[in-house]
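Working notes, beginning with the structure itself.
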Amino acid sequence: MAARETQGAAAGGEEDCEGNHSEAGGVSYEDSKDCILEPLSLPESPGGTTALEGSPSVPCIFCEEHFPMDEQDKLLKHMIIEHKMVIADVKLVADFQRYILYWRKRFTEQPITDFCSVIRINSTAPLEEQDNYFLLCDVLPEDRLLREELQKQRLKEILEQQQQERNDNNFHGICMFCNEEFFGNRSVLLNHMAREHAFNIGLPDNIVNCNEFLCTLQKKLDNLQCLYCEKTFRDKNTLKDHMRKKQHRRINPKNREYDRFYVINYLELGKSWEEVQLEDDRELLDHQEDDWSDWEERPDSAVCLFCEKQAETIEKLCIHMEDAHEFDLLKIKSELGLNFYQQVKLVNFIRRQIHQCRCYGCHVKFQSKAELRTHMEEAKHTSLLPERKTWDQPEYYFPTYENDTLLCTLSDSESDLTAQEQNGNITIISEDVSKLHALKQSSILNQLLLQEGLKN
C-alpha cells in the first residue's frame, strides 16, 4: 500500500531528485534531514502515542496512530521519521484535521508518487544506503485547491463567529487593570480599557474569539509577564510600574500567537495581516496624485483636567477650565513660579486624582467622576491645591495617560504671558539722533570699548 511505499531505512548522504528530484552533494544524513524539513518546533519526546479517549485527535495519513489536535508537531515528526513524509507550509493550512483526513483517503486510492515530489538523499552512496522522502505541497493543483477550500470554509466560520459576538449582549468580563466588572456587549469592556487605561487591542469589530483573547492576556498578566516586551517580573506592582513607565500597555505585534484573534488574518490564503495591509498601501500609492493642496492636518486636541471637553490650543482650554471649573492654570503657574517639569508633575497629579475619583482638596473619594466634579465645583476645591510636597514628586514625571496632549503644550517661557504683562512696567525712550556726532562721542558702547582696551 502507499504507506508501505514510504518505508525504508534512512541513511545519510546527498540529495537527488530525477524529474521531480534535485541533487546536492556532501551532506550527512542528519544535515539532509535539516535541509528537507521546514522550520518546526518539534517536541523532544518521541511521537506515536495514542490520543486520550474523548479528546479531539488527528490520525496519521498512513497508519492507525492518532495524535491530539494540540500536538500537531508530534504527528508531523511521526510522519517524517516513520513514513518519510513532509508537508510543506503546514502552518498555512486553515483546517489541519480535514486536510489530513482528505489525503489519508486519497493515498488509499492512488500511489503516493502520483501526488508527492520524491527527494532522494545520499544518491552517490551505495544503493542500500540511499533513501527517498516524499514532499506534499501546493505545487500540486489538487493540494492548492484543497487549501483554498479549507481557507474559504474557515473564513465563513470566523465571520459567523464574529457576527455572533458582535450581537451578543450577554457578555461578562473584568478589566485586567482595575478589576471593574462589565456586562452587556464586549465593546463596553474593550472601550473602557482603551479610554481609561490606554490599552488598545483594536476595534471590537475587528476581533474574533474575544473571550479566549482576553483569557490569554489575563493569563500572561497572572504569570507576571509584560504583554509587550514579554519579560517576567517578581511581583504584580513591579509589573504594573514597568508597563506604565515604559508605555508597554499594548500587545506585542510580532507575537503570532495573537494572529488568530484578528479577522484580517483569515482573509487571504497564506498572507498575514502585515502583507494584506502592505498591499492596500501599495494600491493607494499607485493611485494617489501628487497634488496635496487640499491636505488639511487635523490638530491634536488637549483634554480638560476635570471633564471631557477638548480644545485645539492651550489658551482655549485654559479659558474653559477657568470659566467652567474656576481653575486658572496660568495664574497658578505664575503665582507658584512653576517651571516646565513642575507643571508636568502638577498636571499628572491632578489627572491621577481625577481618574481615581478623589478630591485633592479634601481627599474624599467618590463613586464616579461626575459626583467628584459636582463636589469640587460646589466646594470650590478645584483651585484648592495641596502642599507642593504632595504633588512635586518624581512619580508624577510619568503621564497618567500616555496620549495626554496637554503635556506637550506646557511651556516655562515668557511667551505665554500677555503683551500687557510683558511690557506694562517698561518705558521705552527713543534716542535723539539730531546730533549724531555728539551721540557717537557720548555713546555707552564707546565707553565700554575704551575700558576693554585699557584692560588689555
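Observations, loosely collected:
- Taking every residue in the stretch 295-317 that is over 17 Å from residue 352 (Cα atoms) and pairing it with any residue that is modelled with pLDDT under 85 and open to solvent by 100 Å² or more (accessible area, probe 1.4 Å), at least 6 positions away or on another chain, the pairs with Cβ-Cβ distances below 6 Å are 299/312; 301/312.
- Subset of the stretch 243-254 [in contact with an Asp or Glu (Cβ under 7 Å, 6 or more places away or on another chain) and within 15 Å of residue 220 (Cβ to Cβ)]: 252
- Some residue of the stretch 195-204 being part of a helix (DSSP H, G or I), among the basic types (Lys, Arg) and buried (at least 17 other Cβ atoms within 10 Å of the Cβ): no
- Residues located in the stretch 161-186, provided they are open to solvent by less than 30 Å² (accessible area, probe 1.4 Å) and either assigned to a helix (DSSP H, G or I) or small (Gly, Ala, Ser) (or both): 162, 165, 173, 184, 186
- Check on residue 265, assigned to a helix (DSSP H, G or I) and either over 25 Å from residue 165 (Cα atoms) or in the same structural domain as residue 176 (by the TED database) (or both): yes
- Residue 360 hydroxyl-bearing (Ser, Thr, Tyr), open to solvent by 40 Å² or more (accessible area, probe 1.4 Å) and at negative phi: no
- Filter result for residue 383 (of a type in the set (Gly, Ala, Ser) and loosely packed, with under 13 Cβ neighbours inside 10 Å): no
- For the stretch 79-98, a residue qualifies if it is surrounded by fewer than 21 Cβ atoms within 10 Å (Cβ to Cβ), under 17 Å from residue 134 (Cα atoms) and not hydrophobic (A, V, I, L, M, F, W, C), and the qualifying residues are 82, 89.
- Evaluated against (1) in contact with a helix residue (DSSP H, G or I) (Cβ under 6 Å, 6 or more places away or on another chain); (2) part of a helix (DSSP H, G or I), residue 242 falls short on exactly one condition, (1).
- Given (1) outside any helix (DSSP H, G or I); (2) surrounded by 14 or more Cβ atoms within 10 Å (Cβ to Cβ); (3) modelled with pLDDT under 85, number of the condition residue 249 does not satisfy: (3)
- Selection within the stretch 227-239 - open to solvent by 100 Å² or more (accessible area, probe 1.4 Å) and in contact (Cβ under 8 Å) with a residue 12 or more places away in the chain: 236
- Annotation note: Cβ proximity below 7 Å between a residue of the stretch 348-367 that is without any contact (Cβ under 8 Å) to a residue 24 or more places away in the chain and a residue that is of a type in the set (Phe, Trp, Tyr) (sequence gap 6+ or interchain) occurs for 353/360; 357/366.
- Filtered residues of the stretch 308-329 (kept if open to solvent by 70 Å² or more (accessible area, probe 1.4 Å), of a type outside the set (S, T, N, Q) and over 15 Å from residue 377 (Cα atoms)): 308, 309, 312, 315, 316, 319
- Only one of the listed residues (125, 198) is of a type outside the set (D, E, K, R), more than 30 Å from residue 85 (Cα to Cα) and out of contact with any Leu (no Cβ under 6 Å at 6 or more places or on another chain). That residue is 198.
- Residue among 45, 32 that alone is at pLDDT below 90 and open to solvent by less than 50 Å² (accessible area, probe 1.4 Å): 32
- Residues of the stretch 95-117 classified as touching a Phe, Trp or Tyr at 6+ places or on another chain (Cβ under 8 Å) and not in a helix (DSSP H, G or I), total: 3
The values are calculated or read from the model by the stated rules, or taken from the named source; none is laboratory data. All values derive from a computational prediction rather than experimental measurement. A quick note on method: Cβ atoms are made from the backbone with ideal geometry, for glycine too, and the neighbour counts reach across all protein chains shown. The protein model used for the area step is the full one, side chains on, heavy atoms only, and it has no ligands, DNA or RNA in it. Shrake-Rupley method; radii C 1.70, N 1.55, O 1.52, S 1.80 Å.
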